[in-house]
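Notes follow the structure.
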Amino acid sequence: MKAIDQINRIPTQLEGCSRTDAGVHAYKQVCHVDIANDRLTDGWKLCKGINHFLHQDKQDIRVWDAIQVPNDWHCRSGITKKIYHYKIVGGAAQIPIFYPDTSFCVSRNRFDVDLMRSAARMLSGEQDYATFKNATRYDWEVPTVRDISINVNEHPPFAERSHLPLQHLQIEVEGKSFFYNMVRNLAGALMAVGCKKLTLDDLRKGLDAKERTKGRFVTAPPGGLYLFDVQYVDPSVMQMMKKYDSTEE
């Protein structure tokens, strides 16, 4: 916000397509902002100016691209799909020095991936996700979770530096809309099943209860969560974002 204020020279309201809270990462966070300076219609020059001030303030965020859109366009409208990744590293206690704030690191050596995949199938599809809604937060959107998958990285980075075998997992959640903290709540439930703190029957009972306090699910820490991709109906926005589809994690 401060960087854009410096460019715009007036207080500026920035809107984001996803409510990523402190500690959460994003590869493709889409935002919109009203620019009062008519000279800043060139997207590349605007990005260059914003990134200059972000670098100057030692911020760990950068703007990849910008395009001009109609005045009534909103970054949370016209979304067809969002994809989140939650990264987990299990293994030795020294792991955090290799993965600082970029994954959820646990001392546990192994998660039961088959159990986690069974739980993921149970949590996918059109159903009532009230159990995974923060009780104190109002959300007007009805969440839709199209698919949840559990992926295993057989050759995680820095694995050779650990004396114990590492297990690098990635939970991928695809949907159109989500409750606040919902993906972290889903990740916490999946990990609880994977380390056998909860059974699949416990998960089903918690889901059917439709109440957060009865689910016994813990919200996963923010450091492992990434907003990986956002897709829109608007072809001009998609054309801009496709330039960055080859970005590797």
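The values are calculated or read from the model by the stated rules, or taken from the named source; none is laboratory data. Computed from a predicted structure; not experimentally measured. Positions of Cβ are generated from backbone atoms using ideal geometry, with glycine treated the same way; all protein chains shown enter the neighbour counts. These area figures cover heavy atoms from the full protein model, side chains too; ligands, DNA and RNA do not enter into them. Shrake-Rupley method; radii C 1.70, N 1.55, O 1.52, S 1.80 Å.
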Review point. How much accessible surface does PHE217 have with a 1.4 Å probe, in Å² rounded to 10?
Key: 20
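Taking a 1.4 Å probe, which of SER107, SER177 shows the most accessible area, and what order do the others take after it?
Solvent-accessible surface, decreasing: SER107, SER177.
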Study note, to complete from the structure: Partner lysines whose C-alpha sits under 24 Å from that of LYS2, ignoring same-chain residues fewer than 8 away, are LYS28, LYS45, LYS48, LYS58
Check your understanding: the range 1-88: which trypsin sites (Lys or Arg not before Pro) are DSSP loop and have at most 10 other beta-carbon atoms within 10 angstrom?
Key -> ARG9, ARG39, LYS58, ARG62
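Excluding PRO70 itself, calculate the net charge of residues whose Cβ lies under 14 Å from the Cβ of PRO70, where each Lys or Arg counts +1 and each Asp or Glu counts -1.
Its environment carries a net charge of -3.
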Study note, to complete from the structure: For ASP234, the accessible surface traced by a 1.4 Å probe with all protein chains present amounts, in square angstrom to the nearest 10, to 40
Revision key, fill the gap. Within the under-10-Å Cβ sphere about TYR84, not counting TYR84, Lys/Arg +1 and Asp/Glu -1 give a net charge of -1
